Amino acid sequence: MFNLFGALHYDKRMVDKYDKATRSRMMAAVRSRGNRSTEVRLAKLLRKHRLSGWRRQYPIHGTPDFCWPKSRVAVFVDGCFWHGCPRCRRAPKSNQAFWEAKVAENKRRAKEVGRILRKQGWVVIRIWECQIGKPSTIRRIAEATIGTVLVDGSRDKRTNGGTNGVRNRFIPRQAARALRYTR
Ligand SMILES: [Zn+2]
């Protein structure tokens, strides 16, 4: 299968036979495919953990990958390559300055989008593509979208499944464990 890392590996061994514009289009194609599959992965996880109420392509600033309009939570999944993940990003050998500038611009824009959304009262969560499967990812989303989770894994009735504007929510450790293992 042709994937991002395959493409990079290919670049390493051979001189880039495509010009800048063509390479850029190819990498953009890789990005959109990668994004779709990572979003599908997260959607599956949300269903598995019975987290509902989310929308895709919800028309707010920055168009988050997942959005909970009711509890005003916006989730972005950042591609490791495109946002310069410190864990797994490998810089391409060719056009290095070009890609570095692109990653810097993505980071800058992500910050700006976050700032604007928070000002509008949204809780903004960013997740690295490589961290989607981590229990802490689902816990962060659950904490923000359904508020306190009781030890038995049920939702806190006081907030009626929403956040009631409470920004500093907390899931006790046992509840997080219940959420992880009983659902
Ligand atoms: Zn990563």
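Output the pairs from Lys70/Lys102; Lys20/Lys111; Lys48/Lys70; Lys70/Lys107; Lys70/Lys111 with a Cα-Cα distance over 30 Å in this structure; if there are none, say none.
Lys70/Lys102
Can you give me the long-range amide H partners of Trp128? Hydrogens built in the peptide plane at 1.01 Å from N, cutoff under 5 Å, separation of 5 or more residues or another chain.
Amide H neighbours of Trp128, under 5 Å, 5+ apart: Asp78.
Short version: ³J(HN,Hα) in whole Hz for each residue of segment 66-72, in order, from phi by Karplus 6.51 cos²θ - 1.76 cosθ + 1.60 (θ = phi - 60°), x for Gly and Pro, what are they?
In residue order, the calculated couplings are 9, 9, 10, x, 5, 9, 6 Hz.
What spacing in nm lies between the two simple spin-label points modelled at Asp19 and Arg56, each 7 Å away from Cα in the Cβ direction?
About 3.5 nm, to one decimal.
Skipping prolines and chain starts, which residues have an amide H placed within reach, meaning under 5 Å, of the one on Val123, given they are 5 or more residues away or on another chain?
Here the answer is Val73, Ala74, since their amide H atoms fall under 5 Å of that of Val123.
Taking segment 37-89, which chymotrypsin sites (Phe, Trp or Tyr not before Pro) meet the DSSP loop condition and have no more than 12 other C-beta atoms within 10 Å?
none
Across segment 120-134, in residue order, what do the Karplus-derived ³J(HN,Hα) couplings come to in whole Hz, using 6.51 cos²θ - 1.76 cosθ + 1.60 with θ = phi - 60° and x for Gly and Pro?
For segment 120-134, the Karplus-derived couplings read 8, x, 8, 8, 10, 10, 10, 10, 6, 3, 7, 9, 4, x, 6 Hz, x marking Gly and Pro.
Hey, if you put +1 on the Cβ of every Lys and Arg and -1 on every Asp and Glu Cβ in segment 39-83, which of Phe81, Trp54, Phe66 ends up farthest toward the positive end of that dipole?
Trp54
Where a number appears in this text, it was derived from the coordinates with a stated rule and is not lab data. No experiment lies behind these values; they were computed from the predicted model shown. All Cβ positions, glycine included, derive from the backbone under ideal geometry; neighbour counts span all protein chains shown.
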